[in-house]
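Right, one structure below, let's go through it.
The values are calculated or read from the model by the stated rules, or taken from the named source; none is laboratory data. Keep in mind the model is a prediction, meaning the values are calculated, not measured. For neighbour counting, all protein chains shown are included, and Cβ atoms are generated from backbone atoms with ideal geometry for every residue, glycine included.
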Amino acid sequence: QFDLRLRGERLRTEARMMREARRIGVRTPLVLDIDEGSHSLVLERIEGRTLTEMFYEEKTPLSELRAVVSLVDPAARGLVALVLTSPPYGSSLHGQVKAIPGAGVQKSHDRYSNDPANLAHVGLAGLLDAMRVMLGGAAVLARPGGFVAMTLRPWWRGGRLIDLPGALARVGEDAGLVLHERNVALLCGLRDDQLVPRASFFALEQVRRARARDVPRLVTAHEDLVVWKAP
């Protein structure tokens, strides 16, 4: 019951935020209907390429995509209340999964671009450098006292657990932002008064494979929500 109420509140909040954004000039689609039964929004179709298409077609230089300022109307600089983002954790992503009877599971759109300059392929040092550029751009867009927030989690690489949240918290400060909060967001649901773990299938599968190799790895139970404030 709590989950249903929470999903309904999130749905209405999303619709309200889209209407408010459109009111102040952001090119968002009209909200045509709110279907609380299926927890979905019916939106106006806006002609043009989607951001996903921009990435997959690889026609926009990656340097432009990292410099977030170049993607936003110059009139919005210094006016944005919230910038929300999240980094890639490697070359794979959830993508689309389709179960085919007798043929197993078919995956598609589950890899980032094959471009070696893509953030998914540049390694930790390259990722931190690129995020420094992106967060510097976010600092330009944010209004005084505005927020830049990033969801991320510790990262397994080469058998080592890397404190990516801590590293990026420092990168944000290097980019001119002020660290405001570092929060723990549990990956769970609520059933009555009990917390119910909701680790992803992919996280569980990685742990199972690690334990099969006698590596005592645990499932990640949370993400970090790192919040900076523009001075």
* Subset of segment 188-231 that is closer than 28 Å to Ala142 by Cβ and aliphatic (A, V, I, L, M) - its residue that is farthest from the chain's Cα centre (by Cα) -> Ala230
* **Hits in segment 1-45 (condition: β-branched (Val, Ile, Thr) and in contact with a helix residue (DSSP H, G or I) (Cβ under 7 Å, 6 or more places away or on another chain))** => Thr28, Val31, Ile34
* Taking the stated definitions as given, is Val215 of a type in the set (Val, Ile, Thr) and out of contact with any strand residue (DSSP E or B) (no Cβ under 6 Å at 6 or more places or on another chain)? -> yes
* Structure fact -> Taking segment 174-208 and keeping residues in contact with a helix residue (DSSP H, G or I) (Cβ under 9 Å, 6 or more places away or on another chain) and either surrounded by 11 or more Cβ atoms within 10 Å (Cβ to Cβ) or under 21 Å from Met150 (Cβ atoms) (or both) leaves Asp174, Ala175, Gly176, Leu177, Val178, Leu179, Arg182, Leu187, Gly189, Leu190, Arg191, Ala199
* Restricting attention to segment 108-130, and to residues there that are in contact with a Lys or Arg (Cβ under 8 Å, 6 or more places away or on another chain) and at pLDDT 75 or above, which single residue is surrounded by the fewest Cβ atoms within 10 Å (Cβ to Cβ)? -> Ser108
* Among the residues of segment 182-192, is there at least one that is among the hydrophobic types (A, V, I, L, M, F, W, C) and modelled with pLDDT under 85? -> yes
* Asked: Regarding Val215, is this residue exposed (fewer than 14 other Cβ atoms within 10 Å of the Cβ) and closer than 30 Å to Lys107 by Cα?
  -> yes
* To do: Being closer than 22 Å to Gly189 by Cα and either in contact (Cβ under 8 Å) with a residue 12 or more places away in the chain or surrounded by 10 or more Cβ atoms within 10 Å (Cβ to Cβ) (or both) is the filter here, so list the residues in segment 36-47 that pass it.
  => Glu36, His39, Ser40
* **Ala81 vs. criteria at pLDDT below 75, aliphatic (A, V, I, L, M) and in contact with a Phe, Trp or Tyr (Cβ under 8 Å, 6 or more places away or on another chain)** => no
* Structure fact -> Apart from one, (1) in a strand (DSSP E or B); (2) modelled with pLDDT of 85 or more all hold for Val105; the odd one out is (2)
* Asked: Restricting segment 10-30 to residues that are surrounded by 11 or more Cβ atoms within 10 Å (Cβ to Cβ) and of a type in the set (A, V, I, L, M), which is farthest from Asp73 (Cα to Cα)?
  -> Leu11
* Structure fact -> Filter segment 118-173 for residues that are of a type in the set (D, E, K, R) and over 22 Å from Val219 (Cβ atoms); the one that is nearest to the chain's Cα centre (by Cα) is Arg132
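Okay, residues lined up against (1) acidic (Asp, Glu); (2) touching a residue at least 24 places away in the same chain (Cβ under 8 Å):
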| site | (1), (2) |
| --- | --- |
| Pro197 | no, yes |
| Ala203 | no, no |
| Gln206 | no, yes |
| Arg209 | no, no |
| Asp214 | yes, no |
| Ala221 | no, yes |
| Ala230 | no, yes |
